[in-house]
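Trainee: One structure follows; several queries about it will come next.
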Amino acid sequence: MEEKILVLAYPGSGKTYLADHYENVSDFEFQHYRYDYGEFKHLPLEQLKGRTEIRTNNPHWPGNFFKALEEELEKGRIVVVPFATSLLEILDFLEASSGVRIIFAIQDKDSFEQLAVSFKNRGNSAEFIERRRNDFQKCHEIIAHSKYEKVYINTNEFLSDALSKIGVVFKKGTGVKNYF
């Protein structure tokens, strides 16, 4: 059986790129598990992120997310999930996970302005960008103090490069985007 790998990666780190280029990767987004977007659910994912005025909380959260995440890990893919302080519930899942290699990935501490430009270019709202700006250093602190593996993505480095350095193996091809 293949190793179960869960990568908790900061937004903008390259999760979607991995799924676009490696068949053994699952880009696992939490938005549609956590929120109900009603009539706006047809919008592209990047336009939904941070849009508090068009969403309501899903009453099945976080159980629905953890169940789907566990099912995805069972398929033997490298599952990449966004990590921000708004998703601290994932830490409860991690504590209960056995047999899963857990890796936190985040850009170096001085790279936020570069991330902000990327967020804007991909269509994220100003609210999303400001939320990430306020969250970036907090995430660094959480990751630094966690017991799990850590990968710091250097400027001009891809998430795949950083993960490859610690032995994560990728298979060329197209992976899965779990956005429902």
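The values are calculated or read from the model by the stated rules, or taken from the named source; none is laboratory data. These numbers come from a predicted model, not from an experiment. Here the Cβ positions follow ideal geometry from the backbone for every residue, glycine too, while neighbour counts run over all protein chains shown.
Trainee: Being within 21 Å of Leu6 (Cβ to Cβ) and either among the basic types (Lys, Arg) or in a loop (DSSP other than H, G, I, E, B) (or both) is the filter here, so list the residues in region 133-156 that pass it.
Mentor: Lys138, Ser146, Lys147, Tyr148, Lys150
Trainee: Next question, about the same structure. Considering (1) of a type outside the set (D, E, K, R); (2) modelled with pLDDT under 90; (3) under 19 Å from Lys15 (Cβ atoms), say which one Phe40 fails and leave the rest.
Mentor: Of everything listed in (1) of a type outside the set (D, E, K, R); (2) modelled with pLDDT under 90; (3) under 19 Å from Lys15 (Cβ atoms), Phe40 misses just condition (3).
Residue-by-condition table, conditions (1) farther than 23 Å from Lys138 by Cβ; (2) surrounded by fewer than 18 Cβ atoms within 10 Å (Cβ to Cβ); (3) at pLDDT below 80; (4) aromatic (Phe, Trp, Tyr):
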site	(1), (2), (3), (4)
Glu53	yes, yes, no, no
Leu73	yes, no, no, no
Gly76	yes, yes, no, no
Ala84	no, no, no, no
Ile106	no, no, no, no
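Trainee: So which pairs qualify, if the first residue must be in region 21-41 and more than 13 Å from Pro59 (Cα to Cα), the second must be outside any loop (DSSP other than H, G, I, E, B) and of a type in the set (Asp, Glu), the Cβ gap must be under 9 Å, and the two must be at least 6 apart or on different chains?
Mentor: Correct list of pairs: Ser26/Glu72; Asp27/Asp20; Phe28/Glu72.
Trainee: Here are some residues: Glu157, Glu141. Which one is surrounded by 12 or more Cβ atoms within 10 Å (Cβ to Cβ) and either in contact (Cβ under 8 Å) with a residue 12 or more places away in the chain or of a type outside the set (Val, Ile, Thr) (or both)?
Mentor: Glu157
Trainee: In contact (Cβ under 8 Å) with a residue 60 or more places away in the chain and out of contact with any Leu (no Cβ under 6 Å at 6 or more places or on another chain): does that describe Leu88? Step through it out loud before you land on a result.
Mentor: On the way: in contact (Cβ under 8 Å) with a residue 60 or more places away in the chain: no; out of contact with any Leu (no Cβ under 6 Å at 6 or more places or on another chain): yes.
The answer is no for Leu88.
Trainee: Quick one: Asn121 ticks every box in (1) polar (S, T, N, Q); (2) farther than 27 Å from Ala68 by Cα; (3) under 18 Å from the mean Cα position of the chain (by Cα) bar one, so which box is it?
Mentor: Against the list (1) polar (S, T, N, Q); (2) farther than 27 Å from Ala68 by Cα; (3) under 18 Å from the mean Cα position of the chain (by Cα), Asn121 comes up short only on (3).
Trainee: So, in region 123-173, of the ones that are touching a Phe, Trp or Tyr at 6+ places or on another chain (Cβ under 8 Å) and under 20 Å from Pro44 (Cα atoms), which residue ends up modelled with the lowest pLDDT?
Mentor: Phe128
Trainee: Condition first: farther than 23 Å from Ile129 by Cβ and touching a Ser or Thr at 6+ places or on another chain (Cβ under 7 Å). Now tell me which residues in region 39-77 satisfy that.
Mentor: Glu72, Arg77
Trainee: Now a separate question. Looking at region 125-135 only, could you name the residues that are crowded, with 18+ Cβ neighbours inside 10 Å and out of contact with any Ser or Thr (no Cβ under 9 Å at 6 or more places or on another chain)?
Mentor: Within region 125-135, Ser125, Phe128, Ile129, Arg132 qualify.
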